[in-house]
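What follows is a set of notes on a single structure, which appears directly below.
The values are calculated or read from the model by the stated rules, or taken from the named source; none is laboratory data. Not measured: the values here are computed from a predicted model. Reconstructed Cβ throughout: ideal geometry from the backbone, glycine too, with neighbour counts over all protein chains shown.
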Amino acid sequence: MNRHDHDHERLLAAAARFDGESPVTQNGVHRAGDDAADTDAFAAVDAALRRRFAVPRDLVHLLPGAPDPQTAAARHAPDPAGPARAGTPSSPAAARAPRHRGHRLALAALLMMVVGGWLIVRALLPAPPAPYHLRPERSPAELHAALVDGMLTPDWICRDDAEFREAFARRLGAGLVPRLGAPGIALTGIAFTPSLSPRTVAILGRVGDVPVLVLVDRLERDPAPAPPPAPLRHHRIEVGPLVLYEISALPTAMIAPGLALDDPDARVPEDGR
């Protein structure tokens, strides 16, 4: 007996079963075991019919209720993202990935807060003075205008004549000290600002209420600047190896004549800084 004959015999047996009896008895009582037998009989009939009347694969989509071939192909195509896309981590590292991502986001947020706070504090604080070698070179008149406007401030306020002398000795190689006897003269400090040369030292002072600026540099670096515009005047004085330019609105020099070398015969090497 071949396979088709066997299927034919099973179809006949199933038909005889359902023709001769019902899953419910004459008195309405369901016989034990009928459910399992009926299920097996239906499965056998279904399998036999599918084998006997198999539809070619390329024509299955023409049957009523059959899915579209492209939709079916997309449904059964493997997911390129793998198990992780379906929500099931494929490894312990994949399971920890969301947690690590959260830590990185929190760290980035904290870093942004710190940097933002630092920028705000920096914006509120006054800007530090630029290093001496990076400051722009300005003319005597421009420096005097900055002094009047409060934009030129001391880099060093000397506590005594010794500190005053040391500042000039290191910067210009000659120890300059104040010998001021006239009343109403006050020195407010010194500033290192390029003007006559990149190493010019400026003395900031006042005579009464009049701002006075004295620029000091080495004599060999004297650029002989042009006189400032009126009402300003400049007064040039040489003190040993140094040249001094006093700029103010006063008709005569008041501070520069009172500056002298501590030891005219001493020669202190210039500081390379």
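When you look at LEU204, is it touching a His at 6+ places or on another chain (Cβ under 6 Å) and either closer than 17 Å to THR153 by Cα or modelled with pLDDT of 95 or more (or both), yes or no? So LEU204 does not fit the description; no.
Every residue, every condition in (1) outside the structural domain of LEU250 (by TED's automatic domain parsing); (2) among the hydroxyl-bearing types (Ser, Thr, Tyr); (3) modelled with pLDDT of 90 or more; (4) under 30 Å from ASP217 (Cα atoms), yes or no:
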site: GLY102; (1), (2), (3), (4): yes, no, no, no
site: MET112; (1), (2), (3), (4): yes, no, no, no
site: GLY116; (1), (2), (3), (4): yes, no, no, no
site: HIS144; (1), (2), (3), (4): no, no, yes, yes
site: VAL148; (1), (2), (3), (4): no, no, yes, yes
site: MET151; (1), (2), (3), (4): no, no, yes, yes
site: ASP155; (1), (2), (3), (4): no, no, yes, yes
site: ALA182; (1), (2), (3), (4): no, no, no, yes
